[in-house]
Amino acid sequence: MNDIEYKDEYERLLKIFEEYLNSALQDKKNIPEPLGEAMRYSLFAGGKRLRPVLMLKAAKTFGCNLKNVLPFALALEMIHTYSLIHDDLPAMDNDVLRRGKPTNHTLYGEAMAILAGDGLLSEAFDIIASDLEKTSDLDLPDKVKAFKIIAAAAGIRGMVGGQSMDVYCEKNHCGKEKELNYIHIHKTADMIVAALTVGVVIANAGFEVERAFENYGYDIGLAFQITDDILDEEGDPSLLGKSVGKDKKSGKLTFTSFYSLREAKEEVEKLISHAQQSIIAYDADGFFSCFAAKISGRKA
Ligand code: GRG
């Protein structure tokens with residue numbers, strides 16, 4: 001797949017997701033303001049929608065009707081959005097810029113930003129539960145499994161667990177490679193793995209495929225996080241849309257706390273080729289291989 005074909009496919013899937021997102025939000029009435037506005041602000045603040053696109057592509061690869069996965073893609077993006085709002089809060093990373101725009105709490109205040117995150121998280125599970133209510137007995141087991149994958153990836157043994165280790169190690173200036181690995185796997189990779197495995201589970205693609213996409217997801221998730229660590233050291237803030245150099249200053253555990261920038265870049269390349277190998281048998285048009293290759297060159 002060449003660059004243009006990759007971008008076309010990404011745009012196609014993105015459009016399907018955006019249309020679904022817009023129509024789903026039209027139905028969401030009776031949210032008190034400014035809570036609704038704060039939730040919509042971050043949901044439409046220019047995210048790349050990596051997770052929904054990966055989920056849709058994984059499902060499409062195995063012939064699944066995308067209508068079956070869209071509620072799950074929306075729920076995962078809402079959970080991702082909540083995590084970014086909370087990550088930017090003064091009690092966590094204390095960031096004023098995200099995607100080149102003011103962070104949620106700088107516009108709506110800390111209390112409303114916390115509530116906007118809480119609202120997105122609980123709404124995400126409401127969206128999945130409402131979809132399960134409408135699901136036939138035949139498809140229900142796969143969707144319940146998908147529900148569980150998302151809950152686990154987002155929760156205390158997943159993203160929240162990873163973030164808690166990150167916060168703890170930073171505040172206490174402790175942590176070694178074992179903790180760093182835990183942080184990277186759970187804070188970042190779990191949600192990417194969830195996007196892919198939910199797609200193949202709802203497509204009922206089978207255990208072997210699920211394992212292959214899980215391996216691919218962990219490799220690209222780690223590559224994604226190490227790239228983020230590299231960019232925090234040498235990225236251009238005007239291209240990234242956020243501040244740089246903060247992680248090192250605040251004593252955050254990052255890959256570059258233990259390895260040189262050269263070693264970090266080599267590790268990213270290794271992870272990317274390993275990821276590509278994992279799914280080569282299922283990547284007929286080469287989309288997943290291109291996606292992995294783009295990680296080291298991504299801008300934000
Ligand atoms: C607050 C529970 C809680 C968790 C926060 C996601 C997260 C956990 C922290 C973000 C820290 C960070 C910058 C990690 C690097 C990888 C990452 C998740 C980047 C942001 O994801 P993108 O690039 O974001 O998909 P967009 O802006 O495109 O939506």
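The values are calculated or read from the model by the stated rules, or taken from the named source; none is laboratory data. Quick caveat: nothing in here was measured; it's all calculated off a predicted structure. As a convention, Cβ positions derive from the backbone with ideal geometry for all residues, glycine included, and neighbour counts pool all protein chains shown. Side chains included, ligands, DNA and RNA excluded: accessible areas come from the protein's heavy atoms. Shrake-Rupley method; radii C 1.70, N 1.55, O 1.52, S 1.80 Å.
Numbers for the structure displayed
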quantity	calculated
For the chain: relative contact order, % (alpha-carbon pairs under 8 angstrom, 6 or more apart)	19 percent
Solvent-accessible area of ASP228 with every protein chain in place, 1.4 Å probe, in Å² to the nearest 10	40 Å²
Taking segment 147-300 and dividing mean pair separation by its residue count, relative contact order in percent (alpha carbons under 8 Å, at least six apart)	23 percent
Amide H contacts of LEU97 (H built 1.01 Å from N, under 5 Å, at least 5 apart or other chain)	THR103, SER243
Sum of side-chain charges, GLY161 neighbourhood, beta-carbon under 12 Å (Lys, Arg +1; Asp, Glu -1)	-1
Listed residues ALA205, ALA59, ALA275, most fluctuating in the chain (Gaussian network, C-alpha, under 10 Å)	ALA205
Segment 1-57: trypsin sites (Lys or Arg not before Pro) falling in loop per DSSP and having at most 13 other Cβ within 10 Å	LYS28, LYS29, LYS48
